[in-house]
Structures are given as C-alpha cells and as structure tokens.
Amino acid sequence: MSPVYLLVFVLFLVGVFGLLTRRNLVKLIISVAVIEAAVNLFLVLAGYRREGIAPIMTEQHHRAEEFAARAVDPFPQAMVLTSIVIGLSLLALLVGISLRLYHIYGTYDLSEIRKAAREEDR
Amino acid sequence: MTVLLLSLLLFMIIAAVIALYTEELISAVIAAGAVGFGSSAVFLLLRAPDLAITQIVVEVIALVLLIRTTLHLSGRGVGEGPSGPRVRAAGLFCLAVLVSVLFALPRLPRFGEPVMDRIAAAPSGFYLERGLELTGSANLVTAILLDFRAYDTLGEATIIFTAVLGALTLLSRKCLTSCPAGREEEGER
C-alpha cells in the first residue's frame, strides 16, 4: 500500500475539518477548493500507470495496442478536466455570494451575519 | 519520482493547514493558491499535461477572485478562531473518518496500476486503441472530452453559463447600490 492515497485522503480531511470549524466565509470557500483539489488528485492517481506515458500519440507509437499498454488512463483525466473548470465556476458563484453578504452586513463572520439577520427579523 | 510526489502532497497539506489557521485573509488566499499550483505540479508528474495547464489557468483566475474578497476589508472582516467543543467534535469526526480510511486503503488498487487494467469493461482501453482512428485527435484526453463524451462537455458549458449568470446577478452594480440592506429582494418574494 502506497502512502500516496493516504496523503490525498489527509488533504481531503483537512478541507472537511476547515468546512466544519471555520466561521469566516473566505476560509470556507478555501476549504471547498481544497476538497476539490484532493478529489481531483485521487481520480487522476487511480488512472496512473507506473512509468507510464502521457495519453498523447506521437510519431514514435506506430501500433495502437502497444501504446494502449503503456499510456496512463485518459478517461479520468478528461472527467477531471471538466471538474476543474466546474470548480472555478463554483468558486466564482461562492465569491459572488460572499461579496454580497459582505456588502449587506459588513463582515465575513458567519456567526455575526446570523446575529445581524436575526435582529433584522425582529 | 514517488518521493517527489509525496513531498509535493505534503507541501499541499501544509499549505492547506496554513490557509485554515492564519489570521490574515490575504495570507490564507495565497496559501490556497499554493495548494492549487501544487496540484498542478502533481498533475504534470502524473503524466497529465492538459490538466496541469488547465489547473494553472484556473488557479490564476481563482486567486484574482479570492483576492477581490480581501479588498476594502475593515478590521471586523477577519473572523477569529471558533469556540472549543465544536473544534474538538470536528477533530474527532475527522479522526474517525481517517481511521476507517486506513481500513479501506488496502482494498484499493495498488498505486501505479490503473483501474482500467482490472476492469475489462472499462472504456479507457477502447479509447486508447481506437481514439486516433475514430476521432483523428492524437491527444486522447481531448478526443474523449470533445468527441466520445461531448454531452458531458455540453453539460459543463451549461453549468459555467449558469454560474456566470448567477455571479453577474449577485454582483451587478444596480443591485449593489439600489438594495443596500437586502430589503427590496425580501419584499419581492
């Protein structure tokens, strides 16, 4: 068992811990980004072949079967590429929501925002 | 190579911990950038050049967006650390998950042996062998992204479009100036 997977899980758990304990909105966004990075890394690691080559055909690879036996798995890479770009749009939306909350309440602190919202309701 | 990979992963973990514990928001944002660029380097090591390039571009844009959140911060913006019992409960939860992961890890395929070798029905082998012939693309990642799985990419474009619309609505100058306390939105509901 390689410690590589273990370290990726630790990175994931650091993100989960931040999501559970932080109260600052920007730090929550950073935690989500860390979780995303860990999941993407895990998927690409699952498709890695030891001493493999990138899944790009060059002039040197005349026979497709030979190439298929040496290249790393291109399928997780394609899906993770989609996931990275979706992660960016998620981050943009979260930043938009945070800036709006900051504009209204003047703080990124979630407990202060909750307190202020409760006082407004009264 | 594995040593390099492990040290890069350690670097990312340390950067993530710093991002969570630093007092200044701008330092937290820069540490988050270190996590992103670290993962880009790891992608390069794992023979995924397309992912490395995309990750760098995405990380630069993400840093610009996150730094925008730290502008015009008055002193009240930075939240202090939360109270004790909550942190302890979250720590215990993460520890429990880590222990169960330790039990699950030996069941995973060994590092360096791709999942596609173990599952005969996995489509990856087909993509690798026939990809060039069927799509004419030498880069098989783009062959999958834009040909074999083009519907996924269409869905991705839809998500990006929706997210951009949402962010534009939230950040439009008209909304930011005309409803300072969020009252008008509540009235419309």
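The values are calculated or read from the model by the stated rules, or taken from the named source; none is laboratory data. Treat the numbers as computed from the prediction; the structure is a model and nothing was measured. Heads up, the Cβs are rebuilt from the backbone with ideal geometry, glycines too, and the neighbour counts pull from every protein chain shown. Note: areas computed on protein heavy atoms with side chains; ligands, DNA, RNA excluded. Shrake-Rupley method; radii C 1.70, N 1.55, O 1.52, S 1.80 Å.
Among the residues of region A:1-54, what is the count of those that are free of Cβ contacts under 8 Å to residues at least 12 places away in the same chain, open to solvent by less than 30 Å² (accessible area, probe 1.4 Å) and closer than 22 Å to residue B:41 by Cα?
Total meeting the criteria: 2.
Show me the helices (runs of 4 or more DSSP H) found entirely inside region B:52-153 where at least 3 residues are in contact (Cβ under 8 Å) with a residue 12 or more places away in the chain.
Of the helices (runs of 4 or more DSSP H) lying wholly inside region B:52-153, those with at least 3 residues that are in contact (Cβ under 8 Å) with a residue 12 or more places away in the chain span B:124-135, B:140-143.
Examine region A:54-61 for a residue that is touching a Phe, Trp or Tyr at 6+ places or on another chain (Cβ under 8 Å), closer than 20 Å to residue B:21 by Cα and not hydrophobic (A, V, I, L, M, F, W, C), and state whether such a residue exists.
no
Given the condition open to solvent by 70 Å² or more (accessible area, probe 1.4 Å) and more than 10 Å from chain A (Cβ to nearest Cβ), answer yes or no: does some residue in region B:38-52 qualify?
no
Going by the conditions given, is residue B:128 open to solvent by less than 80 Å² (accessible area, probe 1.4 Å) and farther than 28 Å from residue A:50 by Cβ?
No.
Does residue A:109 satisfy being in contact (Cβ under 8 Å) with a residue 60 or more places away in the chain and either within 24 Å of the chain's Cα centre (by Cα) or open to solvent by 30 Å² or more (accessible area, probe 1.4 Å) (or both)?
Yes; evaluated as a whole, the condition is true for this residue.
When you go through A:83, A:111, A:89 one by one, which is the residue that is polar (S, T, N, Q) and at the interface with chain B (Cβ under 7 Å from one of its Cβ atoms)?
A:89
Quick one: is residue B:171 surrounded by 16 or more Cβ atoms within 10 Å (Cβ to Cβ) and either farther than 30 Å from residue A:51 by Cα or facing chain A (nearest Cβ under 7 Å) (or both)?
Yes; evaluated as a whole, the condition is true for this residue.
Of everything in region A:94-122 that's among the acidic types (Asp, Glu) and farther than 19 Å from residue A:21 by Cα, which residue is modelled with the highest pLDDT?
Checking each candidate, the answer is A:119.
State all residues of region B:125-152 that are facing chain A (nearest Cβ under 7 Å), among the hydrophobic types (A, V, I, L, M, F, W, C) and more than 13 Å from residue A:68 (Cβ to Cβ); if no residue qualifies, say none.
Within region B:125-152, B:138, B:141, B:144, B:145 meet the criteria.
Determine whether residue A:6 is under 11 Å from the mean Cα position of the chain (by Cα) and either at the interface with chain B (Cβ under 7 Å from one of its Cβ atoms) or among the aliphatic types (A, V, I, L, M) (or both).
no
Taking the criterion of being farther than 30 Å from residue A:46 by Cβ and more than 7 Å from chain B (Cβ to nearest Cβ), would at least one residue in region A:93-101 satisfy it?
Yes, some residue in region A:93-101 is farther than 30 Å from residue A:46 by Cβ and more than 7 Å from chain B (Cβ to nearest Cβ).
All but one of (1) surrounded by 18 or more Cβ atoms within 10 Å (Cβ to Cβ); (2) touching a residue at least 60 places away in the same chain (Cβ under 8 Å) hold for residue A:72; which doesn't?
(2)
Working carefully through the options A:34, A:16, A:44, find the one that is within 7 Å of chain B (Cβ to nearest Cβ) and touching a Cys at 6+ places or on another chain (Cβ under 7 Å).
A:16
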